[in-house]
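The values are calculated or read from the model by the stated rules, or taken from the named source; none is laboratory data. From a predicted model like this one, the values you see are computed outputs, not experimental measurements. Reconstructed Cβ throughout: ideal geometry from the backbone, glycine too, with neighbour counts over all protein chains shown. Quick note on the areas: whole protein, heavy atoms, side chains included, nothing else; ligands and nucleic acids left out. Shrake-Rupley method; radii C 1.70, N 1.55, O 1.52, S 1.80 Å.
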Amino acid sequence: TVRMTTSSVCTTPSPVTSNSLNYTVNPLPATPAISASGATTFCAGDSVTLTSDSATGNLWSSGQTTQSIIVFATDTVTVTYTDGNNCSSTSLETAVNVNPNPSVSISHNDVSCTGDLDGDATANALGGFSPYTYLWSNGATQSSINNLQSTIYSVTVTDANLCNANNSVTIGTTTSIV
């Protein structure tokens, strides 16, 4: 509490007046801290839950007023805590980064005759961040596989950020009439 007193004394014969004002100076609340339920950099389609260490009085930069929020997109997030005296304090920024997923297409050639092992397939990765790794359903780890029989093959492509994409192809039989 701060007490301020003012007085005025005039040279004329008037009484001395004194006014007192009482001010209460409230301390700022502690800066709120944000905790994350997992990594704040992740692949598209995932999310992270951010939680304020204050159970009430929260206002997130997104406009939400709950203790926790779920973030799905790239953003820089803060939370402002306001106490019962209407004093507020804002957290440090928390950066959330969402990496794009790659996509994968497959080109292929069917086997020439039933029972032959001369089919092939090539996975073509796009987007995300290179380099890419490949894992085919037959265990192969190259972008192209060959000496294939007639069946379904699937591939998972993983980029440098560990984001992935899946696709599959059916290797059929080319039928020709002789």
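For the stretch 115-142, enumerate the residues that are touching a Leu at 6+ places or on another chain (Cβ under 8 Å) and aliphatic (A, V, I, L, M).
Across the stretch 115-142, the qualifying residues are Leu117, Ala121.
Return the only residue of Ser47, Ser107, Ser103, Ser112 being under 30 Å from Asn166 (Cα atoms), surrounded by fewer than 17 Cβ atoms within 10 Å (Cβ to Cβ), touching a Leu at 6+ places or on another chain (Cβ under 7 Å) and of a type in the set (S, T, N, Q).
Only one candidate passes the filter, namely Ser103.
Failed condition for Ser62, given (1) open to solvent by 30 Å² or more (accessible area, probe 1.4 Å); (2) more than 17 Å from the chain's Cα centre (by Cα), with all others met?
(2)
If Asp116 passes every condition in (1) in contact with a strand residue (DSSP E or B) (Cβ under 7 Å, 6 or more places away or on another chain); (2) among the charged types (D, E, K, R); (3) at pLDDT below 95 but one, which one does it miss?
(1)
Conditions (1) out of contact with any helix residue (DSSP H, G or I) (no Cβ under 9 Å at 6 or more places or on another chain); (2) within 25 Å of Gly45 (Cα to Cα); (3) touching a residue at least 40 places away in the same chain (Cβ under 8 Å), marked per residue:
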residue: Ser103; (1), (2), (3): yes, yes, yes
residue: Ser107; (1), (2), (3): yes, no, no
residue: Asp110; (1), (2), (3): yes, no, yes
residue: Gly119; (1), (2), (3): yes, no, yes
residue: Tyr132; (1), (2), (3): yes, yes, no
residue: Leu135; (1), (2), (3): yes, yes, no
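Of all residues in the stretch 79-98, count the ones that are open to solvent by less than 30 Å² (accessible area, probe 1.4 Å), at pLDDT 95 or above and either of a type in the set (A, V, I, L, M, F, W, C) or under 20 Å from Asp159 (Cβ atoms) (or both).
Residues in the stretch 79-98 being open to solvent by less than 30 Å² (accessible area, probe 1.4 Å), at pLDDT 95 or above and either of a type in the set (A, V, I, L, M, F, W, C) or under 20 Å from Asp159 (Cβ atoms) (or both): 2 in total.
Quick one: count up the residues across the stretch 69-78 that are hydrophobic (A, V, I, L, M, F, W, C) and exposed (fewer than 15 other Cβ atoms within 10 Å of the Cβ).
Looking only at that region, the number is 3.
Just the residues that are open to solvent by less than 70 Å² (accessible area, probe 1.4 Å), free of Cβ contacts under 8 Å to residues at least 24 places away in the same chain and assigned to a strand (DSSP E or B), please, taken from the stretch 22-44.
Ser35, the sole residue that qualifies.
Residues in the stretch 119-140 that are touching a strand residue (DSSP E or B) at 6+ places or on another chain (Cβ under 6 Å) and under 21 Å from Thr173 (Cα atoms): how many?
7
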